[in-house]
Amino acid sequence: MSGSRVINRLLGVPRSAIELNRSLQLLASLRQLGWHQTLGHGAPVDSAGEPLPWYTYPCIEWLEQRLRASDAIFEFGAGSSTLWYGRRVQRVVAVDHDPDWFGRLAPLVPANADLRLRASLDDGGVGGVQRSPSDYLAAIEEFPQGSFDVVAVDGMERVACAMAALRHLKPDGLLVFDNSDRPDYRTAIDDLRDHGAKRIDFCGFYPGAGVPGCTSVFSWSFDRWLCGDAVITSWGL
């Protein structure tokens, strides 16, 4: 273990009785959300062991309250989120680049989920400006523009996928962009802003993760999604 990682862990050791008490309260709150179950399960789950997206907890809660049974979802990057969406909406189309992961996930997806395996140019999975169209990116082009209520960008080629998502969202559709706080994805965030998309950040902890992060949602019109809420940025577990 590197020296910096050791130092980070030492910084997390409670230094007083009151700090220990608050730390245990935080862990108890995370346990109620299924954070500990995720550690043992190897994939994000809630306290009942049911699948969760690997988004921040505030974003999961926000989406849970706003998805409709009639919604159609497209995902760049398949996983537990595919199972979660599949139980809540009419249709999910998810594309993934990893044959091994595809083979493990395929038997688990519900009947309303269309799982597709496509090769990607971005094998590293971080950042990367699209050099030329890939089968992975082109998967969404098989559908007419304006086909989806939600497009989730949480896989390969995220800069290019975010731009492709805009063309295939309904006018009041929602783009979910995970790990939006990473510098690697700054280009995608800037491009979405330049195309007039409004943004809400959900910053907090992820299932099973020890450090917070951010999942953001984008839309040209949040009228459907805000439901009268005045909150623009949400912080939480």
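Suppose we keep only residues that are of a type in the set (D, E, K, R) and in contact (Cβ under 8 Å) with a residue 40 or more places away in the chain within region 163-186. Which one would you say is farthest from L67 (Cα to Cα)?
Restricting to residues being of a type in the set (D, E, K, R) and in contact (Cβ under 8 Å) with a residue 40 or more places away in the chain, the top hit is D184.
So K170 fits all but one of (1) farther than 22 Å from L63 by Cα; (2) of a type in the set (K, R); (3) touching a Gly at 6+ places or on another chain (Cβ under 8 Å); what number is the exception?
For K170, the failing item is (1).
Can you tell which of S120, S180 is surrounded by 20 or more Cβ atoms within 10 Å (Cβ to Cβ), in a loop (DSSP other than H, G, I, E, B), modelled with pLDDT of 95 or more and touching a helix residue (DSSP H, G or I) at 6+ places or on another chain (Cβ under 9 Å)?
S180
For the structure I just gave you, tell me whether A94 is assigned to a helix (DSSP H, G or I) and modelled with pLDDT of 95 or more.
For A94, the condition - assigned to a helix (DSSP H, G or I) and modelled with pLDDT of 95 or more - is not met.
Sort out which residues of region 137-159 are of a type in the set (A, V, I, L, M), farther than 17 Å from C59 by Cα and either in a helix (DSSP H, G or I) or touching a strand residue (DSSP E or B) at 6+ places or on another chain (Cβ under 6 Å) (or both), and write them in order of number.
So in region 137-159, the residues of a type in the set (A, V, I, L, M) come out as 137-140, 150-153, 156, 159.
Next, only the ones that are farther than 17 Å from C59 by Cα stay: 137-140, 156, 159.
Residues satisfying the conditions are L137, A138, A139, I140, V159.
Tell me, yes or no, whether region 58-78 has at least one residue that is closer than 19 Å to F177 by Cβ, among the hydrophobic types (A, V, I, L, M, F, W, C), crowded, with 23+ Cβ neighbours inside 10 Å and touching a Lys or Arg at 6+ places or on another chain (Cβ under 8 Å).
Yes, the conditions are met somewhere in region 58-78.
Just to be sure I understand, how many residues within region 97-117 are touching a Leu at 6+ places or on another chain (Cβ under 6 Å) and either small (G, A, S) or part of a loop (DSSP other than H, G, I, E, B) (or both)?
Residues meeting the conditions: 2.
In this structure, is A162 in a helix (DSSP H, G or I), surrounded by 15 or more Cβ atoms within 10 Å (Cβ to Cβ) and in contact with a strand residue (DSSP E or B) (Cβ under 6 Å, 6 or more places away or on another chain)?
Values: in a helix (DSSP H, G or I): yes; surrounded by 15 or more Cβ atoms within 10 Å (Cβ to Cβ): yes; in contact with a strand residue (DSSP E or B) (Cβ under 6 Å, 6 or more places away or on another chain): yes.
Considered against the rule, which asks whether it is in a helix (DSSP H, G or I), surrounded by 15 or more Cβ atoms within 10 Å (Cβ to Cβ) and in contact with a strand residue (DSSP E or B) (Cβ under 6 Å, 6 or more places away or on another chain), A162 comes out as yes.
Can you find a residue in region 77-98 that is of a type in the set (F, W, Y), closer than 23 Å to P171 by Cα and either in contact with a strand residue (DSSP E or B) (Cβ under 8 Å, 6 or more places away or on another chain) or touching a residue at least 24 places away in the same chain (Cβ under 8 Å) (or both)?
Looking for residues that are of a type in the set (F, W, Y), closer than 23 Å to P171 by Cα and either in contact with a strand residue (DSSP E or B) (Cβ under 8 Å, 6 or more places away or on another chain) or touching a residue at least 24 places away in the same chain (Cβ under 8 Å) (or both), one finds at least one in region 77-98, hence yes.
The values are calculated or read from the model by the stated rules, or taken from the named source; none is laboratory data. Note that the structure is a prediction, hence the values are computed from the model and not measured. So basically every Cβ, Gly included, is an ideal-geometry build from the backbone, and we count neighbours across all protein chains shown.
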